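To keep things clear, I will list the structure first and then write my remarks on it.
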């Protein structure tokens, strides 16, 4: 694929990891724990999210997220693109999610989600925007108003261990 077909949002080869922040269900009373580090896995520099996803106290997630902004701090318009492409690795085969937030997601529990599987080899994951489902809202995904993208371990008790080397949009 040529560079004109993709727009790289985050590439961990440089200082891309500074664009991301980590958090868990502790922001709402849960007890899941996350740890984020810059790592080298099979020669690729990546951002690695590890931790325990716990369900007690209405918990159940750990996440890394990156704010998305257009010019002047406005939401990012990705309407020319068809979806999100990730380069990911996981310690063992597990399901993870990508969460997208827009101007319409005004509450913490609102987002658009798409699931993917990651395992112990590097994989390119392609997630079309049409495959993202709204959570706790009725508005369809407005690609003109993206505000953040998150990689999430969610919904069941497990040890999460996922690495991300690249996040891009594709046409």
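The values are calculated or read from the model by the stated rules, or taken from the named source; none is laboratory data. These numbers come from a predicted model, not from an experiment. Note that we place each Cβ from the backbone using ideal geometry, even for glycine, and neighbour counts take in every protein chain shown.
Evaluate segment 140-148: report whether one residue or more is modelled with pLDDT of 95 or more, in contact with a helix residue (DSSP H, G or I) (Cβ under 9 Å, 6 or more places away or on another chain) and over 23 Å from residue 60 (Cα atoms).
There is at least one residue in segment 140-148 that is modelled with pLDDT of 95 or more, in contact with a helix residue (DSSP H, G or I) (Cβ under 9 Å, 6 or more places away or on another chain) and over 23 Å from residue 60 (Cα atoms).
Hey, can you tell me all the residues within segment 87-127 that are closer than 20 Å to residue 75 by Cβ, in contact with a strand residue (DSSP E or B) (Cβ under 8 Å, 6 or more places away or on another chain) and either surrounded by fewer than 13 Cβ atoms within 10 Å (Cβ to Cβ) or free of Cβ contacts under 8 Å to residues at least 40 places away in the same chain (or both)? Outline the logic, then answer.
First, the residues of segment 87-127 that are closer than 20 Å to residue 75 by Cβ: 98-114, 127.
Subsequent filtering for residues that are in contact with a strand residue (DSSP E or B) (Cβ under 8 Å, 6 or more places away or on another chain) retains 98-103, 105, 109-114, 127.
Hits for segment 87-127 are 109, 110, 111, 112, 113, 114.
Within segment 38-60, which residues are free of Cβ contacts under 8 Å to residues at least 40 places away in the same chain and either part of a loop (DSSP other than H, G, I, E, B) or touching a helix residue (DSSP H, G or I) at 6+ places or on another chain (Cβ under 9 Å) (or both)? Give the derivation first.
Within segment 38-60, the subset free of Cβ contacts under 8 Å to residues at least 40 places away in the same chain is 38, 40, 43, 56-59.
38, 43, 57, 58, 59, listed by residue number.
All but one of (1) touching a helix residue (DSSP H, G or I) at 6+ places or on another chain (Cβ under 9 Å); (2) part of a strand (DSSP E or B); (3) closer than 21 Å to residue 36 by Cβ hold for residue 108; which doesn't?
Failing condition for residue 108: (2).
Go through segment 14-30 residue by residue and tally those that are surrounded by fewer than 17 Cβ atoms within 10 Å (Cβ to Cβ), within 18 Å of residue 109 (Cβ to Cβ) and either without any contact (Cβ under 8 Å) to a residue 40 or more places away in the chain or over 17 Å from the mean Cα position of the chain (by Cα) (or both).
4
Report, by residue number, each residue of segment 37-51 that is under 17 Å from the mean Cα position of the chain (by Cα) and under 17 Å from residue 92 (Cα atoms).
Scanning segment 37-51 gives 46, 47, 48, 49, 50, 51.
Tell me, yes or no, whether segment 134-150 has at least one residue that is on the phi < 0 side of the Ramachandran plot, in contact (Cβ under 8 Å) with a residue 24 or more places away in the chain, outside any loop (DSSP other than H, G, I, E, B) and surrounded by fewer than 14 Cβ atoms within 10 Å (Cβ to Cβ).
yes
Within segment 61-70, is there a residue that is in a strand (DSSP E or B) and over 19 Å from residue 163 (Cα atoms)? First the steps, then the outcome.
First pass over segment 61-70, keeping only residues in a strand (DSSP E or B): 61-67.
Of the ones still in play, those that are also over 19 Å from residue 163 (Cα atoms) are none.
No, every residue in segment 61-70 fails to be in a strand (DSSP E or B) and over 19 Å from residue 163 (Cα atoms).
Per-residue answers, yes or no, for (1) at pLDDT 95 or above; (2) within 27 Å of residue 145 (Cβ to Cβ):
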{"residue": "1", "(1), (2)": "no, yes"}
{"residue": "10", "(1), (2)": "no, yes"}
{"residue": "14", "(1), (2)": "no, no"}
{"residue": "33", "(1), (2)": "yes, no"}
{"residue": "41", "(1), (2)": "yes, no"}
{"residue": "65", "(1), (2)": "yes, yes"}
{"residue": "78", "(1), (2)": "yes, yes"}
